Amino acid sequence: MTPLDTPVPPPSAKSAIQDAPVARWSVAAVEELLALPFPELLYRAQCVHREHFDPTRVQLSTLLSVKTGGCPEDCAYCPQSRRFDTGVEDEAVLPLDDVLDAARAAKAAGATRFCMGAAWRGPKQKDLDPVLEMVTAVKALGMETCATLGLLRDGQAEQLRAAGLDYYNHNLDTSPDFYGDIISTRTYRDRLDTLERVRGAGISVCCGGIVGMGEDTHDRAGLIAQLASLDPYPESVPINALVQVEGTPLNGRSPVDPLDFVRMIAAARITMPKAYVRLSAGRSQMTDEAQALCFLAGANSIFYGDRLLTTGNPEADRDRALLDRLGMRPL
Ligand code: SAM
Ligand code: DTB
Ligand code: SF4
């Protein structure tokens, strides 16, 4: 069998949101994709990408940490866990005006989505109230709104939706098998439950993961298979390369091979054809050429602005210059 004869999983359930059959992807089928010769994999990814998107356009999302540090969880990659000595301080929730200033600046610089992150296990009602105000105010600027606040309880997603939230980011991070090596304070099931609450409230799902945490190819395929089998699959899929931070348990792991990172982008594109696949954290450590390959593999979104949550990201000017060099444009 030639690589191009690799079986395509059969369509199953119908997705209300994407109005298309959701293909069920087995881990083995994704492993086969990841093992394709690089030119075959990229060709397939490009064909899928061009069916649904203009390959010259990139969606720009800007992040802001609206509550930094002091998090009780033990995610081994994260500089904001209070269990690790990373130098990130526990701060109060940002005032609404500061959030609005940042959102206006992001819009002026060309971002279309503003994503507000908080270092919580999940929000209590007193935490949620100020975030609801932020969401409503940012939405009123004419931007798409996104929030990532941790695990949601019953009713919270509905409040966020009513305030004007368009997207909720909650990552599966890695495969179910490898997950226990990275986080012990919340389960994979907890994460899936939050994603169901988000979906149930009519909010679009932003869900992806991290590569470079010491996982093997089977785990990478396991992550993609899980994401692609969500029904419907996420509208937005952030693929992060681990940002290594001193003091976190994962500091010093072998960095992901950039070409393997490109393969993950291609696998996400092929398995989730209509999703915005975001080339996410880790771009500061990537060459322009590796990023260009990610775009060729079907990435059509980036985090834009000189900070992620607590770590750096390429300067906006530099990203605009990169897109110019590639003859690409923001959405
Ligand atoms: N506290 C909330 C939660 O964990 O759901 C929201 C914020 S949390 C920082 C959002 C996501 O950022 C994590 O799920 C993880 O995928 C990503 N992330 C955190 N630290 C990272 C790092 N050092 N490198 C790459 N991605 C990271
Ligand atoms: C996502 O997938 N990546 C973003 C966003 N969703 C919230 C976060 C990246 C964080 C990188 C480490 C930091 O800056 O603290
Ligand atoms: Fe807390 Fe989120 Fe960081 Fe985990 S990823 S330690 S939940 S801020």
How high is the FRET efficiency between Ser26 and Ala162 when r is their beta carbon distance and R₀ equals 51 Å, given to the nearest 0.05? 0.85
Less than 11 Å Cβ to Cβ from Thr310, Lys/Arg counted +1 and Asp/Glu -1: what total charge do the surrounding residues give? -1
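Work out, step by step, the length gained on full extension between Thr287 and Asp101: first 0.36 nm times the residue separation, then minus their alpha carbon distance; give nm to one decimal.
On the way: separation 186, 0.36 × 186 = 66.96 nm, distance 3.09 nm.
Answer, rounded to one decimal: 63.9 nm.
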Mind checking the angle between helix 258-271 and the chain's longest principal axis? C-alpha axes, 0 to 90 degrees, to the nearest 10. 90
What does the charge dipole of segment 100-170 about its Cα centre add up to, to the nearest 20 debye, if the Cβ of each Lys and Arg holds +1 and the Cβ of each Asp and Glu holds -1? 100
Would you compute the Debye intensity of the chain from its alpha-carbon atoms alone, equal scatterers and no solvent, and pass along log10 I(q)/I(0) at q = 0.06, 0.07 Å⁻¹ to two decimals? -0.19, -0.25
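Sort 135-146, 176-187 by the packing proxy (mean of other Cβ within 10 Å over each peptide's residues), most packed first.
Details: 135-146: 18.8, 176-187: 16.1.
Most protected by this proxy first, the peptides run 135-146, 176-187.
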Can you give the FRET efficiency for Arg121 and Leu259, using 1/(1 + (r/R0)^6), R0 = 45 Å, r = Cβ-Cβ distance, to the nearest 0.05? 0.80
Cys with no candidate disulfide partner in the chain (beta-carbon separation under 4.7 Å rule): Cys47, Cys71, Cys206, Cys207, Cys294
Footprinting proxy, Cys294, Cys75: sorted fewest to most Cβ within 10 Å, the residues are Cys75, Cys294
Mean-square fluctuation check for the chain, GNM, Cα pairs under 10 Å: which of Ala147, Ala162, Ala321 is largest? Ala321
When the chain is fully extended, how far beyond the present Cα-Cα distance does Cys47 get from Glu133, taking 0.36 nm per residue of separation? 26.8 nm
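No lab work stands behind these numbers, since they all come straight from the coordinates. Quick caveat, the model's predicted, so the values are computed rather than measured. Quick reminder, even Gly has a Cβ in these numbers, built from the backbone with ideal geometry, and neighbours come from all protein chains shown.
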